[in-house]
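Here's the structure we're looking at; comments come further down.
The values are calculated or read from the model by the stated rules, or taken from the named source; none is laboratory data. On a predicted model such as this, the values are computed, not experimentally measured, just so you know. Heads up, the Cβs are rebuilt from the backbone with ideal geometry, glycines too, and the neighbour counts pull from every protein chain shown. Please note that ligands, DNA and RNA were not included when accessible areas were found on the heavy atoms of the full protein model with its side chains. Shrake-Rupley method; radii C 1.70, N 1.55, O 1.52, S 1.80 Å.
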Amino acid sequence: MPPTESDANVPPCDPALPFVLRASPMQGLGAFATRYIPPGQRIIEYTGERLSTAESEARYPEVAGERHHTFLFSIDDEIVVDAAFGGNEARFINHSCDPNCDAVIEDGRIWIDSARDIVAGEELAYDYGYELKERHSPAAKRRYPCSCGAATCRGTILA
């Protein structure tokens, strides 16, 4: 069985980053602020291997009834970043239905920026807003669960 993010051998974060990685109540490992982060601050770039959409679908085929989990991030309809290969600490920033960060795509690159004041110790999170080609049925929502714990949690990482 391949390792999950909760038991992966994760190196210490770059000390220049305003967060550290540790166990998260949301999911596996998470990124936790080590100091105050003001709104609008660029925190980190989401990096990894760039693939075509077709390559990413072949690498991670959907398995009916199984929970979906990857480190894929779509830049557009043609390019996907797979942070499981050559990715950095950004891959451990979890989803939340009440996020404190935004994912911003600029010039073909993905950035994680703070969306509001973030205090030291707070977990960084952005809304994955995952979209499927199929209807977001109850079965589809179960394959993409959310456990952010927000009062406004919609129970899924789907948009």
Which of the numbered conditions does Glu134 fail, given that it passes all the others? Conditions: (1) in contact with a strand residue (DSSP E or B) (Cβ under 7 Å, 6 or more places away or on another chain); (2) without any contact (Cβ under 8 Å) to a residue 40 or more places away in the chain.
(1)
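Among the strands (runs of 3 or more DSSP E) contained in the range 76-159, which hold 3 or more residues that are open to solvent by less than 30 Å² (accessible area, probe 1.4 Å), modelled with pLDDT of 90 or more and under 19 Å from Ala16 (Cβ atoms)?
The strands (runs of 3 or more DSSP E) meeting that bar are 109-114.
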When the range 85-112 is checked residue by residue, the ones that are of a type outside the set (Phe, Trp, Tyr) and closer than 17 Å to Cys13 by Cα are Gly86, Gly87, Asn88, Glu89, Ala90, Arg91, Ile93, Asn94, Ile112
With (1) over 22 Å from Arg22 (Cα atoms); (2) assigned to a loop (DSSP other than H, G, I, E, B) as the list, and Ala58 as the residue in question, which single condition is left unmet?
(2)
Could you check the range 85-122 and list, in sequence order, the residues that are more than 11 Å from Ile37 (Cα to Cα) and among the polar types (S, T, N, Q)?
Asn88, Asn94, Ser96
By residue number, the members of the range 33-48 that are assigned to a strand (DSSP E or B) and open to solvent by 70 Å² or more (accessible area, probe 1.4 Å) are Arg42
Going by what's in this entry, would Tyr126 be described as out of contact with any helix residue (DSSP H, G or I) (no Cβ under 7 Å at 6 or more places or on another chain) and within 15 Å of Ser24 (Cα to Cα)?
yes
What are the pairs, 6+ residues apart or on separate chains, where a residue within the range 23-45 that is closer than 17 Å to Ala115 by Cβ has its Cβ under 6 Å from a residue that is aromatic (Phe, Trp, Tyr) and open to solvent by less than 20 Å² (accessible area, probe 1.4 Å)?
Ala31/Phe19; Ala31/Phe92; Phe32/Phe19; Ala33/Phe19
